[in-house]
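Since the structure comes first, as structure tokens, the remarks are kept for the end.
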Amino acid sequence: MSSSSAVVETPGRTKAFLRLVMIEHSVFALPFAYTAALTAMFLADRRVHWGELFVVTVCMVGLRTFAMAANRIIDREIDARNPRTATRELVTGAVSLRTAYVGSAIALVVFLGAAAMLNPLCLALAPVAVVPMVVYPYGKRFTNFPQAILGIAQAMGPVGAWLAVTGSWSWEAVVLGVAVGVWIGGFDLIYACQDVESDRENGVRSVPARFGVPAAIRGARACHLLTTLLLGWFAVLTDAGVAFWIGLAVVAGAFVYEHTIVKPNDLSKLNRAFFQTNSFVGISLFFFALLDLVVRGLGI
């Protein structure tokens, strides 16, 4: 193979790897990490520290990329047996196993390097954040509640972002982190409903596979109600203003809409609920949280 051919193929491999890790889905977690970081900055000195915010972004994207790559590597045989996931890049060969391993390793190094740039506590806790990212894909092999592990993994984002800014523990960040974890665990309950038949056939464990779709939908509704309450608690703890509460009302409305269009006997609009509604939840709450902080005096 000529060197010119290798150069031509590299962008294709990179693009396929980015599809593998669904890089665009960072929109789910990043807004809440930004909300945590900016709230911490506001409470500290009412100024945005752009350098820290950039490094927080690198941390979040690096860890999420590692987590998605690890998930795809670990689940590649399960994915091959599921018609919905049989077209994923590791199954079809669009991304080689070697490329996936290299990409995940690079993402992990980027995450750890960025954590080291923040403060000693972030670096010390960085390996802890990695653990649930690896355990989650194995969860569907030993528990009926893998979404709980996913929730723990996702809760790390806001907590880590707060630690990045302050270098110290914060219960406000924990409340926000739990809210995010419960939210994402809830909509993953909905998402898993489309794989019930395949999961049962292949021995993959999940709430819908074990308890049925109606139970999973009810569980998701309970999760999103709890998410709303936790976000309200976070607002109280941080003395949030009117704009944040308006944002929370918008989010609550989005949850109601989501559970109106997804029903146990009708999953035809599941993808709209998963991708569109949940991305709207994160972005809209961040917008109103930022607006609230600016109105209260955050210096941009």
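The values are calculated or read from the model by the stated rules, or taken from the named source; none is laboratory data. Given the structure is predicted, the values throughout are model-derived calculations rather than measurements. Here the Cβ positions follow ideal geometry from the backbone for every residue, glycine too, while neighbour counts run over all protein chains shown.
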Residue within segment 170-181 that is aromatic (Phe, Trp, Tyr), surrounded by fewer than 23 Cβ atoms within 10 Å (Cβ to Cβ) and under 23 Å from ARG47 (Cα atoms) present: yes
Cβ-Cβ under 6 Å pairs, at least 6 apart or on other chains, segment 225-236 side acidic (Asp, Glu), far side assigned to a helix (DSSP H, G or I) and buried (at least 17 other Cβ atoms within 10 Å of the Cβ): none
Any hit, segment 129-136, residues being touching an Asp or Glu at 6+ places or on another chain (Cβ under 6 Å) and more than 25 Å from LYS263 (Cβ to Cβ): no
Test: residue in segment 222-243 that is charged (D, E, K, R) and either under 17 Å from GLY151 (Cβ atoms) or in a helix (DSSP H, G or I) (or both): no
Condition met for GLY139 (touching a helix residue (DSSP H, G or I) at 6+ places or on another chain (Cβ under 7 Å), part of a helix (DSSP H, G or I) and under 30 Å from ARG200 (Cβ atoms)): yes
Matching residues, segment 265-283, being surrounded by fewer than 18 Cβ atoms within 10 Å (Cβ to Cβ) and either of a type in the set (Ser, Thr, Tyr) or free of Cβ contacts under 8 Å to residues at least 60 places away in the same chain (or both): ASN265, ASP266, SER268, LYS269, ASN271, ARG272, PHE275, GLN276, SER279, PHE280
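Okay, residues lined up against (1) surrounded by fewer than 19 Cβ atoms within 10 Å (Cβ to Cβ); (2) of a type in the set (Lys, Arg); (3) touching a residue at least 40 places away in the same chain (Cβ under 8 Å):
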residue: GLU89; (1), (2), (3): no, no, yes
residue: THR99; (1), (2), (3): yes, no, yes
residue: VAL102; (1), (2), (3): yes, no, no
residue: LEU118; (1), (2), (3): no, no, yes
residue: LEU123; (1), (2), (3): yes, no, no
residue: PRO132; (1), (2), (3): no, no, no
residue: TYR136; (1), (2), (3): no, no, yes
residue: THR143; (1), (2), (3): yes, no, yes
residue: GLN147; (1), (2), (3): no, no, yes
Single residue of segment 142-152 satisfying the filter (in a helix (DSSP H, G or I) and either at positive phi or of a type in the set (Val, Ile, Thr) (or both)) that is farthest from the chain's Cα centre (by Cα): ILE149
Checklist (1) in a loop (DSSP other than H, G, I, E, B); (2) farther than 28 Å from ALA80 by Cβ applied to ALA252, failing item: (1)
Selected residue (only one of GLY247, GLY186, GLY219, GLY212 is touching a Leu at 6+ places or on another chain (Cβ under 6 Å) and under 23 Å from LYS140 (Cβ atoms)): GLY219
One residue from ILE217, ILE190 being among the β-branched types (Val, Ile, Thr) and within 17 Å of the chain's Cα centre (by Cα): ILE190
Those helices (runs of 4 or more DSSP H) lying entirely in segment 164-215 with at least 1 residues modelled with pLDDT of 95 or more and not basic (Lys, Arg): 171-191, 207-211
Candidates VAL242, VAL213, VAL207, VAL251 - the one that is among the aliphatic types (A, V, I, L, M) and either loosely packed, with under 15 Cβ neighbours inside 10 Å or in contact with an Asp or Glu (Cβ under 7 Å, 6 or more places away or on another chain) (or both): VAL242
